[in-house]
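The structure under discussion appears below in the form of structure tokens.
The values are calculated or read from the model by the stated rules, or taken from the named source; none is laboratory data. Quick caveat: nothing in here was measured; it's all calculated off a predicted structure. Ideal geometry is used to build each Cβ from the backbone, glycine not excepted, and the neighbour counts take in all protein chains shown.
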Amino acid sequence: MAANNSNELPELAELQRVIAAGGTQLQTRVVCEVQSGDLRFPVHAISLGNPSKDVPAVGFFGGVHGLERIGAEVVTAYLASLVIRLQWDSMLQRQLESLRFVFMPLVNPGGMSLGTRANPRGVDLMRNAPVSATEDVPFLIGGQRISSRLPWYRGASSGSMEPENEAVRSIVEEELFSRRFSVALDCHSGFGIRDRIWFPYAYTTRPIAHLAEVHALKEIFDRTHAQHRYLIEPQSLQYLAHGDLWDYLYLRACAEPERIFLPLTLEMGSWIWVRKNPRQILTRQGMFNPIIEHRQQRVLRRHLPWLDFVARAACSYTHWTPTGEARHQHRALALKRWYGGTLR
Ligand SMILES: [Zn+2]
């Protein structure tokens with residue numbers, strides 16, 4: 001029987017409730033199991049929609065950092081809303097005919113049960129991929145191999161990736177890389193005062209090959225949700241880091257020139273919550289999660305339109321991804337906006 005200590009972890013219990021509610025409309029599997037002390041937790045992957053490789057795909061990921069519970073909650077809440085809508089929403093049913101969805105809402109259940117950013121082995125999953133920064137990274141936060149007792153530990157240099165990251169890689173390769181177009185959204189919290197949407201790279205200040213596509217996506221988002229509060233930028237504008245999993249997967253995706261894979265990260269700015277409730281700065285959880293119930297509900301509600309937008313954009317990618325001269329223009333505008341206008 002599969003490991004199940006969900007009574008120890010409310011986020012896992014909620015995910016399993018949603019999986020049960022989705023019934024046969026969801027294809028679910030346990031990609032790996034992780035040990036945390038005496039407990040063992042499953043890492044779930046859930047797919048729905050058209051399994052054909054001819055349709056685009058979208059992937060939602062959360063709970064990579066165990067302290068950032070709100071990320072897992074946002075992804076699970078979006079899956080829960082799809083499960084309810086499956087029962088009555090014919091527009092969703094039509095969307096599912098032309099889109100593949102994949103969800104991994106709780107990538108690091110062991111870390112979440114321990115209340116740590118890292119996994120139970122002390123490895124920061126976002127510093128663990130085999131990619132090293134080509135420019136200077138900030139001390140410790142950029143990733144370190146000094147000790148697993150210090151934060152931002154990358155894992156041993158010769159080692160393969162941690163099982164949680166291998167689970168993400170296998171799902172991304174199977175469900176996203178097998179299609180011509182896909183988007184991944186990984187939900188985090190705790191950086192700064194603004195809600196941010198980051199795209200690669202983290203390992204270099206150089207722009208990605210699909211800068212035009214990211215810029216075009218930003219443009220349709222700005223036009224569709226004119227009042228949105230997100231700051232969209234390459235992660236390298238904030239800090240560089242070794243071992244970013246999405247850098248690694250993006251670089252792998254680029255090996256096939258026809259394929260477009262856009263990995264995005266939602267960074268929910270927790271300082272908004274801390275500012276409204278300064279006492280929560282005194283708790284570790286409080287730095288990364290809204291503590292007051294009504295505020296948590298508001299955070300969940302605020303981000304669901306962005307997740308839904310990403311799914312719609314993936315589904316309709318042929319209508320907005322630029323080609324020819326338009327692609328050159330998008331790239332030039334993006335270089336100007338984010339990279340000081342340098343043509344590279
Ligand atoms: Zn994080």
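What number goes with the only condition from (1) away from the ligand (no atom under 16 Å from the Cβ); (2) within 22 Å of D308 (Cβ to Cβ); (3) small (G, A, S) that A209 does not pass?
(2)
What number of residues in the range 31-65 are farther than 23 Å from W306 by Cβ and either of a type in the set (A, V, I, L, M, F, W, C) or within 15 Å of the ligand (Cβ to nearest atom) (or both)?
Looking only at that region, the number is 6.
Based on this model, can you work out whether T205 counts as surrounded by fewer than 23 Cβ atoms within 10 Å (Cβ to Cβ), within 15 Å of K336 (Cα to Cα), in contact (Cβ under 8 Å) with a residue 60 or more places away in the chain and of a type outside the set (A, V, I, L, M, F, W, C)?
Working: surrounded by fewer than 23 Cβ atoms within 10 Å (Cβ to Cβ): yes; within 15 Å of K336 (Cα to Cα): yes; in contact (Cβ under 8 Å) with a residue 60 or more places away in the chain: yes; of a type outside the set (A, V, I, L, M, F, W, C): yes.
Against the criterion (surrounded by fewer than 23 Cβ atoms within 10 Å (Cβ to Cβ), within 15 Å of K336 (Cα to Cα), in contact (Cβ under 8 Å) with a residue 60 or more places away in the chain and of a type outside the set (A, V, I, L, M, F, W, C)), T205 qualifies.
Do we find that G122 is crowded, with 16+ Cβ neighbours inside 10 Å, under 19 Å from G286 (Cα atoms) and modelled with pLDDT of 95 or more in this structure? Explain how you work it out, then say what you get.
Working: crowded, with 16+ Cβ neighbours inside 10 Å: yes; under 19 Å from G286 (Cα atoms): no; modelled with pLDDT of 95 or more: yes.
So G122 fails the test.
Take the residues of the range 291-344 that are free of Cβ contacts under 8 Å to residues at least 24 places away in the same chain and not in a helix (DSSP H, G or I): which is nearest to E97 (Cα to Cα)?
Applying the filter and picking the extreme gives S316.
Quick check on my filter: what residues within the range 89-121 are within 16 Å of the ligand (Cβ to nearest atom) and more than 17 Å from T265 (Cα to Cα)? Write out each step before concluding.
Taking the range 89-121 and keeping what is within 16 Å of the ligand (Cβ to nearest atom), we get 104-112, 114-119.
Of everything in the range 89-121, those that are within 16 Å of the ligand (Cβ to nearest atom) and more than 17 Å from T265 (Cα to Cα) turn out to be P109, G110, G111, M112, L114, G115, T116, A118, N119.
In the set A253, A241, which member is under 17 Å from the mean Cα position of the chain (by Cα), over 25 Å from V299 (Cα atoms) and more than 16 Å from the ligand (Cβ to nearest atom)? I'd like the intermediate steps shown before the answer.
Numbers: A241 fails: more than 16 Å from the ligand (Cβ to nearest atom).
After applying the criteria, what remains is A253.
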